[in-house]
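**Student:** Sharing a structure, written as structure tokens. Questions coming.
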Amino acid sequence: MGGDSQPAQSRPVSDRRVIVLGGGLAGLTAALDCAEAGARVSLLEVRPRLGGAAYSFQRDGLWLDNGQHVFLRCCTAYRALLTRLGSERHVRIQPRLQIPVLSPRSRPTVLRRSGLPAPFHLAGTLARYPHLTILQRLRATWAALALARLDQGGACEQERVKGLTLGGWLAEHGQSPAAVTALWDLIALPTLNLPAAEGSLELGAFVLRKGLLESRDAGDIGFHMRPLSEILGEPASRALARAGVSVSLGARAERVLHGERGMWVQAGDLELEADAVICAIPHERAAALLEPLLGAETARWSRLGRSPIVNLHVVYDRRVCGLPFAAGVGTPVQYLFDRTAAAGLDAGQYLAVSLSGAERERDCPLEQLRERYTGALQELFPAARDATVRSFYVSREHAATFRAGPGVQALRPGARTGIRGLVLAGAWTDTGWPATLEGAVLSGHSAAREALAA
């Protein structure tokens, strides 16, 4: 484990050696940043592929994504990564925010923004939203304006906010449980991976302000029009190769060591030396790996918890739905997406149902899920009653995100650790965002800056 005794900070960047642990969006971003700055970079990924939690798999000749990962127009870091990978042509951003909302025995409605400046761009659609009473619509408007001013309170109020759920705060501002379910959970569930009743007010308010209240076009939704492996994993492999990054797949980091001459990583038969190590793996694995170096600090990360996401992949023998995506109210279907073309299906229709905060569905048997959700889809789409379900698959991410409950922000570490040359990355670190594509990429940029400065 010998190395150059010259201090890293006195050497040019071209002599720096950086090891990145993890090939998800955070690790990919950090590796590309370091390599493009001139460092020699090695990336280790335990899986046989890149992309981390955003990946595709095949079933019966169809390409299915493990989850329906969407993004917003305001996710500028993630969009820049897509451009960097040459994948921007495979995504589509709505010209104007538009969310079809479906409910059994009700006419479909659409939440859409106008061309007015924020926050008035949502006033018209909220005034007509049929799943709220007139009084609930007025109270929802007042609550939205109060959310926009939430960070303007004094120190005592700011401290109180840290211990509140989004749902608790909304109740204080006149939002009934029915109103929270019909409106606020449409944003809380897919972004916090928890319902508003359990989600952090800090993080929920951040997303609502960033995506809906600060700029009229910030919340326009972006979709991946091809399988995630084609948009992220495969292009990332090519981009890393062009940048000169050495990639080792199927390599699990077993030990990270620190000495006077730098950092070392042991991964099976591999033994690598570097000036900096960027640990961009999930928080529970990171805590176990780095506890010998960082001690009690890693215990905080374990307290971040986990929240599951379950996706149901339903293939019909004919088209039953005419919408590219929709949200559900008064139905177990939270969000659904038409993935027919993306999956390569020539005949019929493939609908993906995304269930966030899916504690109950996480361990539910496949047949129970099939019965419940095919029945729910029939309630939403009469054409599904005469259609045949050709295939029904379930993909479960038991630890899809950290649990974004009250007080979670105090548990999230920054990129810098107490050991020079050891840096953290991942959507679970303190990016300001919940566990999102945007947060993962932002953490990769922060980690690269710290590693290059070490």
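Please treat every number below as a calculation from the coordinates, not as lab data. None of these values were measured; they are calculated from a predicted model. Heads up, the Cβs are rebuilt from the backbone with ideal geometry, glycines too, and the neighbour counts pull from every protein chain shown.
**Student:** What FRET efficiency comes out for the pair GLU36/ALA347, r = Cβ-Cβ distance, R0 = 30 Å, nearest 0.05? Could the numbers behind the result be given before it?
**Tutor:** Details: r = 45 Å, r/R0 = 1.49.
With R0 = 30 Å, the Cβ-Cβ based efficiency is 0.10.
**Student:** While we're here: Quick one: which residues, 5 or more positions from GLY405 or on another chain, have an amide H under 5 Å from its amide H? H modelled 1.01 Å from N in the peptide plane, none for Pro or chain starts.
**Tutor:** SER200
**Student:** Still on this structure: Compute the distance in nm between two label points, each set 7 Å from the Cα along the Cα-to-Cβ direction, one at ALA155 and one at ALA288.
**Tutor:** Result: 4.2 nm between the two label points.
**Student:** Mind pulling up the Rg/Rh value for the chain? Radius of gyration and Kirkwood radius, both on Cα.
**Tutor:** Ratio value, two decimals: 0.99.
**Student:** Something else about it: On a full-extension model of 0.36 nm per residue, what is the gain between ALA80 and ALA146, subtracting their alpha-carbon distance, rounded to one decimal in nm?
**Tutor:** Numbers: separation 66, 0.36 × 66 = 23.76 nm, distance 3.20 nm.
Fully extending the segment from ALA80 to ALA146 adds 20.6 nm.
**Student:** Further question on the same structure: Grab the Cα-Cα distance for GLU297 and ALA241, subtract it from 0.36 nm times how many residues apart they are, and report the gain in nm with one decimal.
**Tutor:** Working: separation 56, 0.36 × 56 = 20.16 nm, distance 3.50 nm.
Using 0.36 nm per residue and subtracting the Cα-Cα distance, I get 16.7 nm.
**Student:** Treating the beta-carbon of each Lys and Arg as +1 and of each Asp and Glu as -1, no other charges, what is the dipole magnitude of region 74-190 about its Cα centre, to the nearest 20 debye? Don't jump to the answer; show the numbers that get you there.
**Tutor:** Numbers: 15 positive and 6 negative charges, 126 e Å.
Using only the charged Cβ atoms, the result is roughly 600 debye.
**Student:** Now for a separate question. Mind giving me the nanometre distance, one decimal, between the label points for HIS398 and LYS162, set 7 Å out from Cα along Cα→Cβ?
**Tutor:** 3.2
**Student:** Which residue, ALA205, HIS131, THR191, has the largest displacement toward the positive end of the dipole of region 114-216 when charges sit on each Cβ (Lys, Arg +1; Asp, Glu -1)?
**Tutor:** Most positive-ward Cα: HIS131.
**Student:** Then there is this: Run the paramagnetic zone check for ARG252: 7 angstrom along Cα to Cβ, then residues of region 27-55 with backbone nitrogen under 13 Å.
**Tutor:** Within reach of a label on ARG252: 45-48.
**Student:** Tell me the angle of helix 25-36 to the major Cα principal axis of the chain, expressed in degrees between 0 and 90 and rounded to the nearest ten.
**Tutor:** That helix lies at roughly 40 degrees to the long axis.
**Student:** Nearest 0.05, what FRET efficiency do ARG390 and GLU230 give at R0 = 30 Å with Cβ-Cβ as r?
**Tutor:** It comes out at approximately 0.80.
**Student:** For region 224-284, what is the charge dipole size about the Cα centre, in debye to the nearest 20, if Lys and Arg each add +1 at the Cβ and Asp and Glu each add -1 at the Cβ?
**Tutor:** 280
**Student:** Another one. Could you give me the radius of gyration and the Dmax of region 114-216, taking only the C-alpha atoms into account and expressing both in angstrom?
**Tutor:** For region 114-216, the Cα-based Rg and Dmax read 13.0, 38 Å.
**Student:** Something else: Karplus couplings for region 76-87 from phi (6.51 cos²θ - 1.76 cosθ + 1.60, θ = phi - 60°), rounded to Hz, Gly and Pro as x?
**Tutor:** Using θ = phi - 60°, the values come out as 6, 5, 5, 5, 5, 5, 4, 4, 4, 8, x, 10 Hz.
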